[in-house]
Amino acid sequence: PESADLRALARHLYESYLKYFPLTKAKARAILSGKTSDNAPFVIHDMKSLVEGEQMINCRYMPLHEHRRSDLGIMHEVELRFFHSYQSRSAEAISEVTEFAKSIPGFINLDLNDQVTLLKYGVIEVMIIMISPLMNKDGTLISYGQIFMTREFLKSLRKPFCEMMEPKFEFSIKFNMLELDDCDMALFLAVIILSGDRPGLLDVKPIEDLQETVLHSLELQLKINHPDSLQLFAKVLQKMTDLRQLVTDHVQLIQMMKETEADWSLHPLLQEIMRDLY
Amino acid sequence: KEKHKILHRLLQNSSSPVDL
C-alpha cells in the first residue's frame with residue numbers, strides 16, 4: 001500500500017482509540033507526573049486509605065456487603081472486594097476493546113466465529129498493554145485515573161491476590177521504556193488483535209492480510225514518530241512473545257483462584273473468555 | 001456459539017458498548 005494510505009490507516013485507528021478508550025496514555029502520564037490541572041489522584045496505600053478511596057468513588061466498583069461492614073470484616077474481605085471491582089472494570093474494558101476491534105477496517109467482514117476467536121485470545125493481551133501507561137514502578141492508576149494504588153499495598157494483600165499484579169508491573173516498566181505514544185499504541189493493539197495464529201481460526205488468510213497492512217502502517221509510524229529509536233519496530237513486536245506468557249500465567253492464576261476462593265465468582269464475560277483458553 | 005454468547009452480543013451490537 002502507498003504510504004499515504006498507511007498514514008490514513010494510522011489516523012483512523014488513532015481516532016477510534018481516542019473514541020473508545022477513556023484514559024489515554026497522554027492523560028495518564030500527565031496525572032502520574034502531576035502535570036495536569038485536575039486534582040491529584042487519591043492514593044490508596046493501606047486499609048484505611050482503601051476505605052476512604054472506596055467512599056470517594058461512591059463504592060460503585062467496590063460494593064461493601066452489609067453484613068461485612070465491621071472493621072474486621074473489611075480486613076478479611078478486602079481482597080475479594082478489590083477483585084470484584086477489578087472484574088467489573090475488566091468487563092467494561094473488554095467491551096471497549098471489542099468496539100475498537102470492530103473499527104479496524106475489514107474486521108467486521110471476517111467470519112463471525114473468527115472475530116470471536118480473535119477477541120477471545122486478544123483482549124487480555126490488549127488490556128495488559130492498555131494498563132502499562134497507568135503504571136510506574138511505585139503503583140498504578142485505577143478508576144479512570146482518580147485513584148493511585150501503590151505497588152506495595154498490592155503486594156501486601158494475602159496470597160494469591162498479591163501475586164496478581166506484580167508480573168504486570170514488571171512487564172509495564174520495561175514496555176514503558178519504549179516510550180510509545182497513543183497513536184503508536186493504537187496500531188500495536190490492532191496488530192495484536194489481528195493475530196493469524198490463534199487456535200481454532202477458520203480462515204487465516206484474510207486476517208494475515210489485514211495484519212500485514214497494519215504492520216506496515218505501524219512500521220512507518222514508528223519511523224516517523226521515533227526517528228532516533230533504532231530497531232523500535234522489532235522491539236515492539238518482541239513484546240508479543242512476553243504478552244502470551246503473561247496471559248497464560250494470568251489465566252492459570254484466575255482459574256486456580258476459582259477453585260480455592262469459595263466466595264469468589266467470576267464475571268460471566270471473563271468466564272467465557274478464559275474457558276478453554278490455553 | 002453458545003459458549004461465547006456475550007462476545008457474540010458485543011460483536012453484533014451496532015451502537016456503543018453494551019451494558020454488562
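Values for this structure:
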{"item": "Neighbour cut-off at most 14 other Cβ (10 Å), DSSP loop, GluC sites (Glu not before Pro), region A:160-196", "result": "A:179"}
{"item": "Net charge of Cβ neighbours under 11 Å - reference residue A:276; Lys, Arg +1; Asp, Glu -1", "result": "+2"}
{"item": "Estimated FRET transfer efficiency (residue B:5, residue A:35; beta-carbon r; R0 51 Å; 0.05)", "result": "0.70"}
{"item": "Shape category assigned to region A:137-278 from the gyration tensor of Cα positions, a/c cut at 1.5", "result": "oblate"}
{"item": "18 Å Cα-Cα threshold exceeded, pairs from A:174/A:235; A:168/A:223; A:25/A:137", "result": "A:168/A:223"}
{"item": "Inter-site label distance for residue A:158 and residue A:18 at 7 Å from Cα along Cβ, in nm", "result": "4.7 nm"}
{"item": "Net charge, residue A:171 excluded, C-beta distance under 15 Å - Lys, Arg +1, Asp, Glu -1", "result": "+1"}
{"item": "Value of relative contact order over chain A, rounded to a whole percent, pairs C-alpha under 8 Å and six or more apart", "result": "27 percent"}
{"item": "Net length gained if the chain between residue A:111 and residue A:237 were fully extended (0.36 nm per residue, minus Cα distance)", "result": "42.8 nm"}
{"item": "Sparsely packed trypsin sites (Lys or Arg not before Pro) within region A:96-173, loop by DSSP, other Cβ within 10 Å at most 15", "result": "A:137, A:158"}
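Since every read-out is calculated from the coordinates, none of them should be taken as a lab result. These numbers come from a predicted model, not from an experiment. Note that each Cβ is placed from the backbone with ideal geometry, even for glycine, and that neighbours are counted across all protein chains shown.
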